[in-house]
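Encoded as structure tokens, the structure appears first; notes follow it.
The values are calculated or read from the model by the stated rules, or taken from the named source; none is laboratory data. Quick caveat: nothing in here was measured; it's all calculated off a predicted structure. Every residue, glycine as well, gets a Cβ built from its backbone with ideal geometry; the counts of neighbours run over all protein chains shown.
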Amino acid sequence: MSATATKKAGFGSVLWDYLTTVDHKKIAILYLIGGFFFFILGGLEAMLVRIQLIQPDNNFVSAQFYNELITMHGTTMIFLAAMPLLLALMNIAMPLQIGARDVAFPFVNALGFWLFLIGGIVLNISWFTGGAPDAGWTAYTPLSIFSEGHGLDYYSIGLQIAGFGTLMGGINFLVTVITMRAPGMTMMRMPLFSWTTFIASVLILFAFPALTVGLFLLTFDRLFGANFFDPSMGGNVVIWEHLFWIFGHPEVYILILPAFGVFSEVIPTFSKKRLFGYSSMVFATVLIAFLGFMVWAHHMFTVGLGPIANSIFAIATMAIAVPTGIKIFNWLFTMWGGTLRFTSPMLFALGFIPSFTIGGMTGVMLGAAAADFQYHDTYFVIAHFHYVIVGGTVFGIFAGLIYWWPKMFGKVLNEKMNHWFFWLFFIGFHLTFFLQHFLGLMGMPRRYWVFLEGQGLDLFNFISTIGAFFMAAGTILFMYNIVWTAMKEPKASGDPWDGRTLEWAVSSPPPHYNFKQLPLVRGLDPLWIEKTEGNGKMQPAEPLGDIHMPNNTIIPLIMSIGLGIAGMGIIYQVDNPMWWIVAVIGFIIFFGSMAVRSLKDDLGHHIHKEDLEKEGDGSNG
Amino acid sequence: MADELLKSTNLPHDPERATLEGKNKFLGFWFFLGGETVLFASLFGTYLALKNSHLDGVPASELFGLGLVFIMTMILLTSSLTSVYAMYHMKNNAPKKMMLWLGITVLLGLSFLGLEIYEFNHYVNDYGHGFTTSAFSSAFYALVGFHGAHVAFGLGWFILLMVRNWKRGINLYNAPKFYIASLYWHFIDVVWVFIFTVVYLMGVVG
Ligand code: HEM
Ligand SMILES: [Cu+2]
């Protein structure tokens, strides 16, 4: 099924194709659609928050609604926007970069996506059933156990489902990188984006279970009368904070490492130079991931763990700045003396470097435990993490989306509009968040519904809100660009950016089996090697033969829906035991379809050599 | 090619790892168990933090007796051994013997689960130690109950595999499935050893 065949098919069959797909390139598109939808939703929530804070004593939204907005903004952006968008990039680029025809577990890959989507939908149903979660994205106990209504139940169940999905995706990528690399693609020849995908997956694997447990305990306390976090019953509220941050700090590295990976692809391509210090980049990535597990208590300096614990965690925290600094210098040296091309992905990379460096610097400030007593829970923290998450992760996502857009959709997004988009977004971002550092230092707490007049906070808050509108304008322009490109731009070649890695050796979009013959990798930047030393095309590592492919299946979707139904039943059984019926039905659907999957032989199918010979040579489109 | 996978003759010595799919499953499942380790570690941490918060309820030292738990431990350890026998026969392409040992494994697992239910029942009815009694009781049931749920899931998994493959022998397609199910079973067993030590032994002693 080539792209043209899909185009001719009717809407119904295209829809069915996507609902049942196990192709990593289509799953990437699904992640993109889902993640972008939630990005817009989270962005709207942020706009409402900023409008509320445009002037002192404002009454634009109610206090309760404000709490729901900030909670859902954070939760949505982290779990339902940033992570899925990164998973979209991983899905489209990583298997191609390592020269694989497919991922290790196509079924699990699809399941991961549908669980994320259903989890996100469950979470957002709360808006319509009496109120969204309102205890902050960190859902600190005991606030979160005593929060009224079902908002926090949606939080724990929705994130639980989405979290399972992420875990599935992580395991799939781990195995894919280990077993599915093309001949000659050793680990130390792997593009950095594939490396960071791999390491981020390790983080997912070891970090998410802590959240899983935390969410289970929260659910038990709220819905089944358990006492984990209820001090009057002997419970301990700090356990939640530990579990949350044992997950939470690695999570921020799950968000940033793939973005580092994107920049490590974009910068060499548009500098026409190989990445400076490749092995030190790999080493720094591994080190960051390792240290990332030992610093969680820097979010808890003010809890009272004692000066010794605080000092240890402070030092570990600051140590992370070292490998991060290594990376920054490597990117700078990659550009040094290169032939720079200022395309829009490159602009995002250039904007990222100073922005992220500021975020890292404020991070080290926060990591100084004694000083953190002053910064904690103020706008200074808000400024810090937006500098790293927007200036790092979101810039990385946009750079990656623009860079790999032709691999997903066969067209290069309009560059002129993307330049405008970049400048609007970049200026808006700094306008919004730079002054928040000072608001924090002036004592403005985070998560407050209103601030008071006459405390010198008015002007900076006003400017901050204006900046948010710039970012919104940029995003709208980007969406317009997507539509415009789909209608007006010409089809892209397989290698529109003069790339260096394997994904540029196949057509845009690639055939669904990716490589007709697995490529023979001769070194780092394999396509570039062939461009400079060979005939510009990858040499095959195997004779043309039958290709084995997995079958499409609807089961991942059905399993996820089953779990969603079960979750709704669990949430409402406290009000009326009849909801247990719903929960049981949901679990039957879930486990039933799992059993069907296990009982039915599914051996996949083969694309025959003769059919492959008929299709063109598939390389370099 | 497809029939090749379903043939039961001429199997290599490690049928579970002879195909790429098998290798992937094997590796992926090990990673999954890595995640499960963190999951149980979190539950253990929670339990250790709350084990003395029994309020007016019965403390661990009065609640636990080692007799029954020791029998349960032996049963589960033995079931791990019998699943090893089953895998041994799988590698030798002896499906009947494999099924026999798997059957014994399932029976042992069921008796473990039965004893656990009996034990919980005993705590609730004779000691008033329910899920909602105190932070200690919640943490106890969460940890041990999670393990119990894993046992139940593992049993369902074994039974499903046995029913499905009852008549069709071992092949390159189902060998990895049997193999990872038995890996899972070993993992549950290891977790139980920790529960026995941390919850019961330390509970009675300390
Ligand atoms: C040099 C690297 C970094 C250091 C030293 C650092 C340090 C810190 C510290 C100490 C805090 C706690 C502040 C407080 O609550 O008082 C914090 C908060 C935070 N950081 Fe970082 N950080 C670094 C990089 C990152 C990165 C790369 C990300 C994400 C991509 C990130 C995301 C966050 C978030 C989301 C919070 C706030 C969580 C909350 O309370 O809601 N940080 N950081
Ligand atoms: Cu942190």
Open item on the list: Can you pull out every residue in the stretch B:46-95 that is of a type in the set (S, T, Y) and either touching a helix residue (DSSP H, G or I) at 6+ places or on another chain (Cβ under 7 Å) or touching a residue at least 60 places away in the same chain (Cβ under 8 Å) (or both)?
Closed with: B:T46, B:Y47, B:S53, B:S61, B:T73, B:T78, B:S79, B:S80, B:T82, B:S83, B:Y85
Task: Subset tally (residues that are closer than 19 Å to B:I188 by Cα and among the small types (G, A, S)) for the stretch B:132-177 - done: 8
- [ ] For the stretch A:266-312, name all the residues that are of a type in the set (V, I, T) and more than 16 Å from ligand 2 (Cβ to nearest atom).
- [x] A:V266, A:I267, A:T269, A:V282, A:T285, A:V286, A:I308
- [ ] Considering only the stretch B:37-55, state which residues are under 25 Å from the mean Cα position of the chain (by Cα) and more than 7 Å from chain A (Cβ to nearest Cβ).
- [x] B:T37, B:F40, B:A41, B:F44, B:G45, B:Y47, B:L48, B:K51
Task: Test: A:G149 is more than 14 Å from every other protein chain (Cβ to nearest Cβ), outside any helix (DSSP H, G or I) and within 30 Å of A:G564 (Cβ to Cβ) - done: yes
Open item on the list: For the structure I just gave you, tell me whether A:F356 is of a type in the set (A, V, I, L, M, F, W, C), near ligand 1 (Cβ under 10 Å from one of its atoms) and under 24 Å from the mean Cα position of the chain (by Cα).
Closed with: yes
Open item on the list: What are the pairs with Cβ atoms under 8 angstrom where one residue, in the stretch A:250-269, is closer than 25 Å to A:L502 by Cβ and of a type in the set (V, I, T) and the other, located anywhere, is outside any helix (DSSP H, G or I) and away from ligand 2 (no atom under 16 Å from the Cβ)? Sequence gap at least six, or different chains.
Closed with: A:I267/A:L275; A:T269/A:W497; A:T269/A:D498; A:T269/A:G499; A:T269/A:R500
TODO: Would you mind stating whether B:E16 is within 10 Å of another protein chain (Cβ to nearest Cβ) and among the charged types (D, E, K, R)?
DONE: no
Open item on the list: So, in the stretch A:336-378, exactly how many residues are hydrophobic (A, V, I, L, M, F, W, C), within 20 Å of A:T285 (Cα to Cα) and in contact (Cβ under 8 Å) with a residue 12 or more places away in the chain?
Closed with: 6
- [ ] Of the numbered conditions (1) away from ligand 1 (no atom under 15 Å from the Cβ); (2) in contact with a Ser or Thr (Cβ under 6 Å, 6 or more places away or on another chain), A:P258 fails exactly one; give the number of that condition.
- [x] (1)
Task: Within the stretch B:154-167, considering residues that are surrounded by fewer than 19 Cβ atoms within 10 Å (Cβ to Cβ) and more than 9 Å from every other protein chain (Cβ to nearest Cβ), the one nearest to the chain's Cα centre (by Cα) - done: B:I159
Open item on the list: Among (1) away from ligand 2 (no atom under 16 Å from the Cβ); (2) at pLDDT below 95, there is one condition A:F342 misses while meeting the rest; what is its number?
Closed with: (2)
Task: Residues satisfying the stated conditions in the stretch A:225-240, i.e. more than 7 Å from every other protein chain (Cβ to nearest Cβ), assigned to a helix (DSSP H, G or I) and surrounded by fewer than 23 Cβ atoms within 10 Å (Cβ to Cβ) - done: A:P231, A:S232, A:V238
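Residues A:F276, A:F263: which one is under 16 Å from A:P323 (Cβ atoms), within 16 Å of ligand 1 (Cβ to nearest atom), among the aromatic types (F, W, Y) and more than 14 Å from chain B (Cβ to nearest Cβ)?
None of the others qualify; the one that does is A:F263.
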- [ ] Any chance you could count how many residues in the stretch A:187-204 are touching a residue at least 12 places away in the same chain (Cβ under 8 Å) and away from chain B (no Cβ under 12 Å)?
- [x] 12
Open item on the list: Taking the conditions exactly as written (within 16 Å of ligand 1 (Cβ to nearest atom), of a type in the set (F, W, Y) and out of contact with any strand residue (DSSP E or B) (no Cβ under 6 Å at 6 or more places or on another chain)), does A:F333 satisfy them or not?
Closed with: no
Open item on the list: If I filter the stretch A:541-562 down to residues being under 16 Å from A:V122 (Cβ atoms) and among the small types (G, A, S), which single residue comes out as farthest from the other protein chains (Cβ to nearest Cβ)?
Closed with: A:S560
TODO: Go through (1) within 16 Å of ligand 1 (Cβ to nearest atom); (2) of a type in the set (A, V, I, L, M, F, W, C); (3) more than 12 Å from A:W296 (Cβ to Cβ) and name the single condition A:M233 misses.
DONE: (1)
Task: helices (runs of 4 or more DSSP H) contained in the stretch A:363-454 and holding at least 3 residues within 16 Å of ligand 1 (Cβ to nearest atom) and surrounded by 22 or more Cβ atoms within 10 Å (Cβ to Cβ) - done: A:379-388, A:395-409, A:415-441
Open item on the list: Given the criterion away from ligand 2 (no atom under 16 Å from the Cβ), aliphatic (A, V, I, L, M) and closer than 17 Å to B:A41 by Cβ, identify the matching residue among A:V202, A:V262.
Closed with: A:V202
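Tell me which residues, restricted to the stretch B:1-13, are outside any helix (DSSP H, G or I) and within 7 Å of another protein chain (Cβ to nearest Cβ). Can you show your working first?
Taking the stretch B:1-13 and keeping what is outside any helix (DSSP H, G or I), we get B:1, B:7-13.
Of everything in the stretch B:1-13, just one residue is outside any helix (DSSP H, G or I) and within 7 Å of another protein chain (Cβ to nearest Cβ), namely B:M1.
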Open item on the list: Checking A:Q64 against (1) free of Cβ contacts under 8 Å to residues at least 60 places away in the same chain; (2) in a helix (DSSP H, G or I): exactly one of these is not met. Which one?
Closed with: (1)
TODO: Working carefully through the options A:I358, A:I315, find the one that is more than 16 Å from ligand 2 (Cβ to nearest atom), farther than 24 Å from A:K273 by Cβ and either away from chain B (no Cβ under 14 Å) or not basic (K, R) (or both).
DONE: A:I358
- [ ] Identify all residues within the stretch A:465-495 that are touching a Ser or Thr at 6+ places or on another chain (Cβ under 7 Å), under 21 Å from A:F348 (Cα atoms) and of a type in the set (A, V, I, L, M); write none if there are none.
- [x] A:A468, A:M471
